[in-house]
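Below is one structure, written out as structure tokens; the observations come after it.
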Amino acid sequence: MNNLGNATFENYVGIGSGFTEMAYQMSAHVLTLGYAIMLAALLYFVLTMKTVAPKYRISSVLSVVVMVSAFLLLFVQANNWTGAFTFDSEAGVYVLGSSVDQFNNGYRYLNWLIDVPMLLFQILFVVTLTKSKFSSIRNGFWFSGAAMIITGYIGQFYEVTNPALFFFWGALSTAFFIHILILMKRVITEGKEGAPPKAQKYLGMIWTLFLFSWMLYPGAYLMPYLFSLGLEPALSESAVVARHITYTVADVSSKVIYGILLTLTAQEMSKADGYDYDSLTTTS
């Protein structure tokens with residue numbers, strides 16, 4: 001095995017068998033799709049901000065910040081992919097360039113370090129907590145969210161060179177992830193109390209989406225081992241493409257669709273409070 005130090009397995013594939021045209025282009029296109037969706041969603045959240053009552057708008061503001069952050073860092077991630085590999089015309093595959101930066105998933109982790117706390121805070125500005133303290137939940141979200149990302153960021157550097165450390169940091173990250181799930185379930189359960197029926201429905205959808213989208217991240221983290229079904233990573237282009245697709249689906253679900261459902265929830269809460277944007281614009 002070529003020694004690239006603590007580089008992620010995408011680079012080991014690039015210096016080994018390389019990437020076929022299909023695998024390389026699929027990865028490039030999926031990464032491009034990811035940041036393009038974030039830019040489109042940014043417009044949605046800006047344009048729908050006034051459809052909710054002022055007291056709920058901080059959630060929309062946070063969605064805008066998340067979209068800007070995600071767009072910029074995923075744009076850099078996509079350019080990192082196309083810049084890290086060059087086409088070898090003799091072999092007919094894309095290989096890791098000898099004088100360029102290696103591909104690095106760290107850009108995603110930097111994005112998550114910014115976005116995850118804000119994504120978790122968002123719902124606190126839409127629902128009303130009936131038993132828990134706002135500050136306690138907020139601090140729990142912030143601490144576990146940041147710790148989950150930082151430990152995962154450290155672990156991904158060892159996915160090829162030291163599987164034991166890779167799984168150790170991954171397990172530690174998972175412990176913080178479980179704490180986040182517990183807090184989110186509490187927030188949604190309390191938020192449903194006294195909420196309008198449609199808002200309760202949307203909150204239920206948010207919990208289902210949250211479970212689905214956030215469970216994809218550990219799967220993407222473990223992708224080289226899921227393909228090998230052993231304690232050695234599978235250095236295959238299929239695992240690389242699968243990781244890109246999984247991360248992109250997870251990002252779009254946990255940021256964009258989650259934000260839209262929160263907007264719909266806030267609209268129903270606003271109507272219950274007597275604020276109906278449709279009626280206001282019709283009569284004005």
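The values are calculated or read from the model by the stated rules, or taken from the named source; none is laboratory data. This structure is a prediction, so every number in the text was calculated from the model and none was measured. No Cβ is skipped: glycine too gets one built from the backbone with ideal geometry, and neighbour counts run over all protein chains shown. Heavy atoms of the whole protein, side chains included, go into the accessibility calculation; ligands, DNA and RNA do not. Shrake-Rupley method; radii C 1.70, N 1.55, O 1.52, S 1.80 Å.
Kindly evaluate Gln77 against the criterion of being in contact with a Lys or Arg (Cβ under 8 Å, 6 or more places away or on another chain) and not β-branched (Val, Ile, Thr).
Criteria met by Gln77.
Taking the criterion of being without any contact (Cβ under 8 Å) to a residue 60 or more places away in the chain and either touching a Leu at 6+ places or on another chain (Cβ under 7 Å) or surrounded by 16 or more Cβ atoms within 10 Å (Cβ to Cβ) (or both), would at least one residue in the range 154-162 satisfy it?
Yes; the residues of the range 154-162 include at least one that is without any contact (Cβ under 8 Å) to a residue 60 or more places away in the chain and either touching a Leu at 6+ places or on another chain (Cβ under 7 Å) or surrounded by 16 or more Cβ atoms within 10 Å (Cβ to Cβ) (or both).
Is the range 8-19 home to any residue that is surrounded by fewer than 14 Cβ atoms within 10 Å (Cβ to Cβ), touching a residue at least 40 places away in the same chain (Cβ under 8 Å) and more than 27 Å from Val256 (Cβ to Cβ)?
The answer is no, given that none of the residues of the range 8-19 is surrounded by fewer than 14 Cβ atoms within 10 Å (Cβ to Cβ), touching a residue at least 40 places away in the same chain (Cβ under 8 Å) and more than 27 Å from Val256 (Cβ to Cβ).
Counting residues that are open to solvent by less than 50 Å² (accessible area, probe 1.4 Å), which helices (runs of 4 or more DSSP H) fully inside the range 216-284 reach at least 1?
In the range 216-284, 223-228, 237-251, 258-272 are the helices (runs of 4 or more DSSP H) which contain 1 or more residues that are open to solvent by less than 50 Å² (accessible area, probe 1.4 Å).
One residue is enough: does the range 31-54 have a residue meeting the conditions closer than 22 Å to Glu159 by Cβ and under 18 Å from the mean Cα position of the chain (by Cα)?
Checked the range 31-54: at least one residue is closer than 22 Å to Glu159 by Cβ and under 18 Å from the mean Cα position of the chain (by Cα).
Would you be able to say whether some residue in the range 133-148 is under 15 Å from the mean Cα position of the chain (by Cα), open to solvent by 70 Å² or more (accessible area, probe 1.4 Å) and within 18 Å of Ala250 (Cβ to Cβ)?
no
May I ask you to verify whether Thr32 is hydroxyl-bearing (Ser, Thr, Tyr) and under 22 Å from Leu261 (Cα atoms)?
no
Hey, can you tell me all the residues within the range 77-117 that are among the charged types (D, E, K, R) and open to solvent by less than 60 Å² (accessible area, probe 1.4 Å)?
Of everything in the range 77-117, those that are among the charged types (D, E, K, R) and open to solvent by less than 60 Å² (accessible area, probe 1.4 Å) turn out to be Asp88, Arg108, Asp115.
Hey, can you tell me all the residues within the range 192-215 that are assigned to a loop (DSSP other than H, G, I, E, B) and surrounded by fewer than 18 Cβ atoms within 10 Å (Cβ to Cβ)?
Residues satisfying the conditions are Glu193, Gly194, Pro196.
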